[in-house]
Amino acid sequence: MTRPKEFFEGTEMPTAGWWEALWPDPAGVLRLVGIGAPMDVADLCSGDGWFTLQIAKIARRVVAIDIDAALIDVARKRLSEARITNCEYVVGDASKLSNLLKQPIDFVFMANAFHGVPNRGQLARSVYDVLKPTGKFAIVNWHVHPREETQVLGEPRGPRTDLRMSPDATIRAVKPSGLEPVDVVEVPPYHYGAVFQRPV
């Protein structure tokens, strides 16, 4: 089946068990990039809610945003079963955040999707526009390893090798938006987190 053109390249959701094997401690990933309480957080390209659930346990409020309504439904069910009530669910285009969020936000989190964004500068600017002063944007991205070397559950996983971005490439893509790079952290086994901040 052909994915709609609005869907980012190389960002399909994995099969069951994949997230658990790759990141058995999702809350630890969130701590690495600086998500804490009390924050209002947007989980951008939230998919099935694997990180959304953990963000909701930490933050004051989380907004799960994805262009795929079926995945938003999966996330809603995941959080409902966990009795989470501080999450809002939004179906929409990640590059048009100012149309999707009702008020400025403290933190935007994006995992496993930035490599597939066709207009990264536009997306970064949309994040800039919705962040509060000193608000942060964290991009969790695959390191530039050959795909055959990034194995999960015994199989090569992640985007094609040619889609992967180094931390420097991610920083170069985001900086023109006005967001300032403040940290790059390792997110084992195959990822890094590039963290940016909106100036005062």
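Every read-out reported here was derived from the displayed coordinates using simple, explicitly stated rules and does not represent laboratory data. These numbers come from a predicted model, not from an experiment. We place every Cβ from the backbone using ideal geometry, glycine too, and count neighbours over all the protein chains shown.
Using only alpha carbon pairs under 8 Å that are at least six residues apart, calculate the relative contact order of the chain and give it in whole percent.
On the way: 386 pairs, mean separation 40.1, N = 200.
The normalised contact order for the chain reaches 20 percent.
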Estimated distance in nm for a label pair at Glu148 and Lys175, the labels positioned 7 Å out from Cα along Cα-to-Cβ: 3.5
query: Just Lys175, Lys102, Lys132 to compare: in a GNM of the chain, with alpha carbon springs under 10 Å, which one fluctuates most?
result: Lys102
Among (1) 0.99; (2) 0.94; (3) 1.05, the entry derived from the coordinates for Cα Rg over 2.2 N^0.38 Å: (2)
- line: The exposure ranking of His115, His191, His145, fewest beta-carbon neighbours within 10 Å first, is His145, His191, His115
message: Between segment 61-139 and segment 150-188, what is the separation of their alpha carbon centroids in Å?
response: 18
task: Positive end of the charge dipole of segment 33-197 (Lys, Arg +1 and Asp, Glu -1 on Cβ, about the Cα centre): tell me which of Val182, Ile105, Ser46 has its Cα farthest that way.
output: Ile105
- request: Enumerate by residue number the GluC sites (Glu not before Pro) in segment 67-159 meeting two conditions: DSSP loop (anything except H, G, I, E, B), and at most 11 other Cβ atoms within 10 Å of the site's Cβ.
  value: none
- request: Give a residue-ordered list of calculated ³J(HN,Hα) values for segment 106-116 (Karplus: 6.51 cos²θ - 1.76 cosθ + 1.60, θ = phi - 60°; whole Hz; x for Gly, Pro).
  value: 7, 8, 10, 10, 9, 10, 6, 9, 4, 4, x
